[in-house]
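A.B. asks: If you scroll down you'll find the structure; I have some questions about it.
The values are calculated or read from the model by the stated rules, or taken from the named source; none is laboratory data. Everything numeric here is computed off the predicted structure, so don't read it as measured data. For neighbour counting, all protein chains shown are included, and Cβ atoms are generated from backbone atoms with ideal geometry for every residue, glycine included.
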Amino acid sequence: MSKLYIKVREISGGRSDVLKVGHENAISITKLAYNTCLNSSSKRQSTGAIRARVKEDLGISLTAQDVEKVRKALIKAFPWVVKYFYTGYGLRLMKLERDIALHVIESMHAKGVPCLSMHDSFLVPADFKEELEYAMKYWASHVTGSEAGRNVGFDHFKVK
C-alpha cells in the first residue's frame with residue numbers, strides 16, 4: 001500500500017495534514033482514538049491506550065505528539081463531543097446499546113420469532129421485518145428516554 005498523508009479531512013472534514021500513514025491505517029487510528037477518548041477516564045490514560053493498541057493492532061509506533069495531533073483533529077471535527085472525552089461516557093453508551101439489543105431479542109423471542117444480533121444489527125426472518133423495526137424503536141425510546149429515529153445528541157439520553 002502506498003503511503004498517503006492522512007488529512008484531517010479524512011478524519012473530520014478539515015484540510016491540514018496529520019500523520020504520514022497508509023489510508024486504511026488512518027481510518028483505524030481515527031476510530032480507535034475517537035472511541036478511546038470517549039471510553040477512557042483521563043487524557044493520559046487515553047494516550048497510552050491509543051499508542052498501545054495502534055502498536056498491537058497495526059504495528060505502528062506513535063509518539064505522544066502523534067496522538068495529540070490526531071486528538072486535536074478529532075476535537076476540531078467534533079467540538080460538541082469534546083466534553084465527553086475522558087469521562088467514560090462511551091462505556092455508558094455501550095451499556096445502553098446492549099440493554100436495547102437485549103430487550104429487542106427477548107421481545108422477538110417471546111413472540112416466537114428467531115432473532116440473532118450481529119454487532120449493531122439484527123437478523124430475523126423477512127416476514128418479521130416490521131415487528132423487528134417496531135421493537136427496535138420501542139426499546140430504543142424506552143431505554144434512552146428519547147424518541148427513536150430522531151437525530152439527537154448525547155445530551156438527550158438518560159445515562160446513569
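A.B. asks: How many residues are over 26 Å from Asn35 (Cα atoms) and out of contact with any strand residue (DSSP E or B) (no Cβ under 7 Å at 6 or more places or on another chain) when one looks only at segment 102-143?
C.D. replies: 21
A.B. asks: Where residues in segment 63-83 are modelled with pLDDT of 90 or more and touching a helix residue (DSSP H, G or I) at 6+ places or on another chain (Cβ under 6 Å), which of them is farthest from Ile27 (Cα to Cα)?
C.D. replies: Ala64
A.B. asks: For a quick check of your reading of the model, give me the residue pairs whose first member lies in segment 114-129 and is at pLDDT below 90, whose second is not in a strand (DSSP E or B), with beta-carbon atoms closer than 8 Å and at least 6 apart or on different chains.
C.D. replies: Once the first residue is at pLDDT below 90 and sits in segment 114-129, its partners that are not in a strand (DSSP E or B) give Asp120/Glu97.
A.B. asks: Report, by residue number, each residue of segment 46-60 that is part of a helix (DSSP H, G or I) and surrounded by 14 or more Cβ atoms within 10 Å (Cβ to Cβ).
C.D. replies: Ser46, Thr47, Gly48, Ala49, Ile50, Arg51, Arg53, Val54, Leu58
A.B. asks: To continue, here is another question. Just one of the numbered conditions (1) touching a helix residue (DSSP H, G or I) at 6+ places or on another chain (Cβ under 8 Å); (2) within 22 Å of Val81 (Cβ to Cβ) is not true of Met136; which one?
C.D. replies: (2)
A.B. asks: Let me confirm something: among Val67, Val143, Val104, which residue is surrounded by 18 or more Cβ atoms within 10 Å (Cβ to Cβ), touching a residue at least 24 places away in the same chain (Cβ under 8 Å) and assigned by TED's automatic domain parsing to the domain that holds Glu24?
C.D. replies: Val67 is the lone residue from the list that is surrounded by 18 or more Cβ atoms within 10 Å (Cβ to Cβ), touching a residue at least 24 places away in the same chain (Cβ under 8 Å) and assigned by TED's automatic domain parsing to the domain that holds Glu24.
A.B. asks: Looking at (1) more than 25 Å from Ala140 (Cα to Cα); (2) modelled with pLDDT of 90 or more; (3) polar (S, T, N, Q), which one does Ser28 not meet, given that it meets all the others?
C.D. replies: Unmet for Ser28, out of (1) more than 25 Å from Ala140 (Cα to Cα); (2) modelled with pLDDT of 90 or more; (3) polar (S, T, N, Q): (2).
A.B. asks: Next up: Considering segment 62-101 alone, what residues qualify as being touching a strand residue (DSSP E or B) at 6+ places or on another chain (Cβ under 9 Å) and part of a helix (DSSP H, G or I)?
C.D. replies: Across segment 62-101, the qualifying residues are Asp66, Lys69, Val70, Lys72, Ala73, Ala101.
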